[in-house]
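Here's the structure, in structure tokens; my notes come after.
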């Protein structure tokens, strides 16, 4: 009764663990899908979840002509698999239990054979095509099937034990976290002394490769098969003893008991999950590192734009002050003109309006228009050149950043994350290059000059037409000459008193200074406004070009960070589940005296 109760508890616990593993595998599939998981890895996880409900899967692997088929025939006691010196197994063959022999094709690469063999009631044996054969497709089939195994029988032969290709294949199996049992076949070809030497060689190399000493069974599979075919009991016993096949059979049918099989069956999906989790967790960490650099790239560009704007505003003030220098010189010339012209001795000249106006234009306004135009054009050329330099700097910076690609081994490097990242970087760099290559300084300067002139005219003089900035200002300042000639009316009406001319002089000077001040303020305000408009437009255009890349970096960082946390959580969950399965297997073995359920890898 106690045994029945323990069995029920074990079954209930098994169902709970299976349900938790399946949920873990499903969540892992969803997580790695977000990291551009390959279809092969997704299929491995699907098969692992499916395998939880299947019989224990014992997969026989090894190089061609190592004797895999002979080994299976010896286990079955009949020739269920073809044998030969050339590759004979071209598909994965599943040997399952059934009352009547049958053969079922399960796709192009899988054949299912049903046999009424008692040892197949609890175990499905899988024969795989040999590795290191000329037919590479056979090796691919075998490699694809390895992750499904609950236990690997790795068959090597004494005539070429532990070759370099076998070492490579064992590394693949080891990386999947599989339980490996080594079968050293064809021992009948060696003397006892030579066999002992080969055994030591295989054990030393396997231990070094796997990190632990595996179970090794030296056998002569063909002699074992011959023994089971023999009708002579004495000959049968002699051949079985010499083949040393009994130890392997006992391991498969007795030592590998229900608890041991349960342990391996439950640990197999976890080994797959842990391996894939580690791979994609490393991918997530690599992507996050790359995205952090991308973040720094976008932040650095934004800092450079802020510095650029600050430098432009500072330099703009200096350049605008050059315009003020021209106006100050105009103002000084005006003062000198008034001091010279507004004298009683010059009253006859003051009465002659046209002559005084001509003198004002010649002596005061002079080349002010040309100087203003020259300085404004220099300012515009500076703005255009700086904008071009900005785009060139961004283009060069992004081109350097494009060299920081993901490593070749990174999952999803061909499609998905890295493809999108490179495309966006290339698009931004291409946009910058097109701007730089298509930048027409003359056209941009002309356009900016027209916009700036329009801004000045709008604030200073309505309807001024297409005058240059300098001419526009000269016209506005030149209206002061009309006030100078207005002295004539005052003189005519009031006489040439001592106070008339000085008063008109002060009035004209005050109006002249006021007009210069107004023009200075209008010019600075309108040009500053236009400068800020152009600066904002330039920065906005560049930010718009970079925006898709910036959005991608932010969105991808948020996504990958979440997936990284999920994978880290799944890793911890798998570790805890692994420990629970080990404890369950130990508890189950205690209830089965004589079993080997407590055996450790």
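The values are calculated or read from the model by the stated rules, or taken from the named source; none is laboratory data. Quick caveat: nothing in here was measured; it's all calculated off a predicted structure. Cβ: placed from backbone, ideal geometry, glycine included. Neighbour counts: every protein chain shown.
For this structure, a couple of remarks:
- Taken across region 395-413, residues that are surrounded by fewer than 17 Cβ atoms within 10 Å (Cβ to Cβ) and at pLDDT 80 or above do occur, with at least one present.
- Selection within region 540-561 - in contact with a helix residue (DSSP H, G or I) (Cβ under 7 Å, 6 or more places away or on another chain) and surrounded by fewer than 18 Cβ atoms within 10 Å (Cβ to Cβ): 548, 557, 561
- Total residues in region 224-252 satisfying the condition of being surrounded by fewer than 22 Cβ atoms within 10 Å (Cβ to Cβ), without any contact (Cβ under 8 Å) to a residue 40 or more places away in the chain and within 15 Å of residue 185 (Cα to Cα): the figure is 5.
- One residue stands out among those in region 555-587 that are under 12 Å from the mean Cα position of the chain (by Cα) and touching a residue at least 12 places away in the same chain (Cβ under 8 Å): the one that is farthest from residue 428 (Cα to Cα), which is 561.
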